[in-house]
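**Q** Sharing a structure with you now.
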Amino acid sequence: MCPEIQETGEGEDSRDIAPDPHVDDDPDSTYGGDAGSNDEAANEHLDIGHELYTKTLGNKLFLAPIDPDPSKILDLGTGTGTWAIDVADAYPSAVVTGTDLSPTQPTWIPPNVRFEVDDVEAEWTFPPNSFDLIHIRGLHGSITDWPALYAQCMTALKPGGWLEQAEYSAQFTSDDDTIPPNGGIEAWNRVGPECHRVLNRELQVLDGMRSHMLDAGFRSVAEFPYKWPIGPWPQNPEFKTLGAWCRAHVDSGLENWTLRLLTSVLGWSVEEVLVLCANVRRDIRNPKVHAIHRMKVVYGQKPTG
Ligand SMILES: C[S@@+](CC[C@H](N)C(=O)[O-])C[C@H]1O[C@@H](n2cnc3c(N)ncnc32)[C@H](O)[C@@H]1O
C-alpha cells in the first residue's frame with residue numbers, strides 16, 4: 001500500500017530524480033538508531049524505511065554482486081529484522097544472522113534466520129573469514145568508531161565476500177532553493193549536527209562510507225547516490241510514489257529521531273521539540289517546497305589474495 005498521494009497543483013517540479021551510480025574500481029542516529037525508542041511507532045517507521053529502500057533499489061534487498069549460493073549473511077543493527085527475514089527467504093542456502101542492541105525482532109521467522117542481542121562496537125565473536133555478505137543500514141549516528149567497525153567486518157568476511165552499507169542524510173536539501181528560510185527544515189538542518197558534535201559521533205556517514213571502506217582495504221568499492229523527494233511533488237509517477245513513501249518515512253520518524261536527543265543532549269523542552277517537528281511537517285506538506293532526502297549505497301569486496 002502506498003502512503004497518501006495528493007495532487008500538488010501549481011509549483012510542481014517535473015524533473016526526474018534519478019540514481020546516479022558512480023563506480024570506483026580502486027584496488028589500492030536519530031539521527032541514528034541509538035537515539036530512538038523501540039516502541040511500535042518506531043518499528044512501523046523502520047518498516048516504512050524498508051519499503052522505501054527496497055523500492056529505491058528496484059525491489060532488490062542489496063546491490064553487491066555476491067555468489068548466488070551464499071552460506072552466511074550478517075545484518076548489523078537489524079532493527080525489526082525485516083531485511084534479514086526477506087534475505088533469508090530469497091537465499092534459502094544461507095543462515096542469516098541479525099544483531100541488535102534491542103531484542104525487538106519477531107519470533108515467527110524463517111528457519112534460516114537467527115537474531116542475537118549484540119553491540120556491534122564490542123569485540124566480535126564470529127569466526128573470521130565466515131560471511132559472504134555483511135549488511136549495514138541506518139546506523140549513522142549510532143557508531144563512535146567507524147574504522148574499527150569496518151575492520152571487524154573485514155576480518156569476519158570470507159575472502160571475496162562483500163560489505164554493503166546504505167545510509168540517508170541527516171539533513172534535507174533541495175535542488176531548486178525552495179526550502180523556506182527560517183522554517184522547520186532549516187531549523188532541522190542545524191540541530192542534528194549540533195547534537196552529534198556534542199556526542200562526538202560522525203553523523204553524515206553517507207558521504208564518508210566510500211573512503212572508510214577504501215581505507216579499510218576493501219576493493220571494487222562502488223557508490224550509488226540517490227535522491228528521495230520528500231512528498232509527492234515530482235510529476236514523474238515513479239518519483240511521486242517514492243516521494244509519498246519518503247514523506248511517510250520522515251513523518252513517522254521525526255519524534256523518534258529528535259525527542260530523546262534534543263532533550264538530553266541540547267537541553268530542549270519536549271514542547272520545543274514538538275514545535276520543531278510540527279514546523280518540519282508544515283514544510284514537507286507544502287507542495288512548493290521541493291525537499292530532498294539524499295541516500296547512498298556503497299559496497300566493497302574483501303580481497304581474495
Ligand atoms: C535506524 S535503525 C535501522 C534498522 C535496520 N537496519 C533497518 O534498516 O531497518 C538502527 C538500529 O541499530 C541498532 N543499533 C544502534 N546502535 C547499535 C549497536 N552499537 N549495536 C547493535 N545495534 C545497534 C538500533 O537498536 C536500531 O535497531
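Readers should treat all values here as calculations from the given coordinates under stated rules, not as data from a laboratory. No experiment lies behind these values; they were computed from the predicted model shown. With ideal geometry, Cβ positions are generated from the backbone for all residues, glycine too; neighbour counts draw on all protein chains shown.
**Q** How big is D, in µm² s⁻¹, for the range 57-101 by Stokes-Einstein at 37 °C and 0.692 mPa s if Rh is the Kirkwood radius over C-alpha pairs? If you can, show how the numbers build up before the last one.
**A** Details: Rh = 11.0 Å.
Stokes-Einstein gives a translational diffusion coefficient of 300 µm²/s.
**Q** Over the range 116-238, what relative contact order in percent results from Cα pairs under 8 Å that are six or more residues apart? Intermediate results must be reported in sequence, preceding the final value.
**A** Values: 112 pairs, mean separation 33.2, N = 123.
Relative CO of the range 116-238 lands at 27 percent.
**Q** Can you list the lysines whose alpha carbon is less than 30 Å from that of Lys240, not counting same-chain residues fewer than 8 positions off?
**A** Candidates past the 8-residue exclusion: Lys55, Lys60, Lys227, Lys288, Lys296.
**Q** Taking the Cβ of Cys195 as the center, what net charge do the other residues with Cβ under 11 Å away carry, scoring Lys and Arg +1 and Asp and Glu -1?
**A** Details: positive: Arg190, Arg197, Arg201, Arg260; negative: Glu194.
Residues near Cys195 contribute +3 overall.
**Q** Taking Cα centroids, how far is the range 241-302 from the range 116-150 in Å?
**A** Answer, in whole Å: 25.
**Q** What does the charge count near Ala156 come to, summing +1 for each Lys or Arg and -1 for each Asp or Glu among other residues with Cβ under 13 Å from its Cβ? Don't jump to the answer; show the numbers that get you there.
**A** Numbers: positive: Lys72, Lys158, Lys302; negative: Asp75, Asp118, Glu123, Asp132.
The answer is -1.
**Q** Give me the base-10 log of I(q)/I(0) for the chain at each q in 0.09, 0.14, 0.16 Å⁻¹, Debye formula, one uniform scatterer per Cα, rounded to two decimals.
**A** Scattering profile of the chain, log10 relative to I(0): -0.44, -1.08, -1.37.
**Q** Can you compute the charge dipole magnitude of the chain about its Cα centre, using +1 on each Lys and Arg Cβ and -1 on each Asp and Glu Cβ, nothing else charged? Give it in debye, rounded to the nearest 20. Walk me through the numbers before you get to the answer.
**A** On the way: 23 positive and 47 negative charges, 6 e Å.
So the magnitude is around 20 debye.
**Q** Under 5 Å between amide hydrogens, which residues at least 5 positions from Arg114 or on another chain qualify, with H placed 1.01 Å from N in the peptide plane?
**A** Those qualifying (amide H under 5 Å, at least 5 residues apart or on another chain) are Val96, Thr97, Gly98.
**Q** Add -39500 (n - 2.57) for each DSSP H run of 4 or more in the chain, then divide by its residues: what number comes out at 222 nm, to the nearest 500 deg cm²/dmol?
**A** On the way: 7 runs with 104 residues, N = 305.
For the chain, the value works out to -11000 deg cm²/dmol.
**Q** Could you derive backbone 3J(HN,Hα) for the range 52-60 from the dihedral phi with the Karplus parameters 6.51, -1.76 and 1.60 (θ = phi - 60°), listing whole Hz in sequence and x where the residue is Gly or Pro?
**A** 5, 4, 5, 4, 5, 8, x, 6, 9
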